[in-house]
Amino acid sequence: MENHVRLVFTSKNIRPDEISVSIGVEGDQMWAAGDKRSKTDLLETENGLVVESKLAKSLDLMTHIEWMIRTFNGLEDKLLSFSEIPECEIQLTCAVYSNGAPPLNFEKFITHWLGCIGASLDIDLYVSSSITTD
């Protein structure tokens, strides 16, 4: 199994550097509306900033999410304030690559944390018999 977990901040009106200041964290990736999306011909329609889990991709999904919660510990009010700005969003994105159906249950503290920061949850599940891990 391989897991990729990211917290994605997007805004139609706030520049990526201003998003970083607003949430109190530097992103691993940033882009501005109009930038060309990597490996495509598509142009970004919003400004954005991404913080990626720094853990090994082979660790389970809950471990990655718990890492994200610890990383933003104490910044919940800043994140909620950002998510309440019109046309600003926070999304926890999880891409799960698995050889079979992985467990996708979430403890209450995870859904509570997402609510406290005003974030949505996106899970992309890729099941294949040929997936290998790091």
message: It is to be established whether one or more residues within the range 34-48 are crowded, with 18+ Cβ neighbours inside 10 Å and among the hydrophobic types (A, V, I, L, M, F, W, C).
response: no
Of residues in the range 1-33 being assigned to a helix (DSSP H, G or I) and under 16 Å from the mean Cα position of the chain (by Cα), the one nearest to PRO103 (Cα to Cα): ILE23
query: HIS112 is checked against (1) more than 20 Å from VAL25 (Cα to Cα); (2) touching a strand residue (DSSP E or B) at 6+ places or on another chain (Cβ under 6 Å); (3) not hydrophobic (A, V, I, L, M, F, W, C) and fails just one. What number does that condition carry?
result: (2)
Considering residues of the range 69-85 that are assigned to a loop (DSSP other than H, G, I, E, B) and touching a residue at least 40 places away in the same chain (Cβ under 8 Å) only, the residue nearest to the chain's Cα centre (by Cα): PHE72
statement: Those residues of the range 77-134 which are polar (S, T, N, Q) and in contact with a Ser or Thr (Cβ under 7 Å, 6 or more places away or on another chain) amount to GLN91, ASN99, THR133
message: So for the range 117-127 (the condition being surrounded by 15 or more Cβ atoms within 10 Å (Cβ to Cβ), more than 19 Å from ASP28 (Cβ to Cβ) and modelled with pLDDT of 95 or more), does at least one residue qualify?
response: yes
task: Quick one: count up the residues across the range 43-68 that are of a type in the set (A, V, I, L, M) and part of a strand (DSSP E or B).
output: 4
query: Name the residues in the range 58-70 that are under 21 Å from ASP124 (Cβ atoms) and either of a type outside the set (Phe, Trp, Tyr) or surrounded by 20 or more Cβ atoms within 10 Å (Cβ to Cβ) (or both), would you?
result: SER58, LEU59, ASP60, LEU61, MET62, THR63, HIS64, ILE65, GLU66, MET68, ILE69
task: Kindly indicate the residue of the range 73-110 that is closer than 17 Å to ASP60 by Cα and polar (S, T, N, Q) and also surrounded by the fewest Cβ atoms within 10 Å (Cβ to Cβ) among those meeting that condition.
output: ASN105
message: Here is a check on your reading of the model: is ASP28 modelled with pLDDT under 95 and either touching a strand residue (DSSP E or B) at 6+ places or on another chain (Cβ under 9 Å) or within 15 Å of HIS4 (Cβ to Cβ) (or both)?
response: no
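The values are calculated or read from the model by the stated rules, or taken from the named source; none is laboratory data. Bear in mind that the values here come from a model prediction, so they are computed numbers and not experimental data. When we count neighbours, we look across all protein chains shown, and the Cβ atoms used for this are built from the backbone with ideal geometry, even at glycine.
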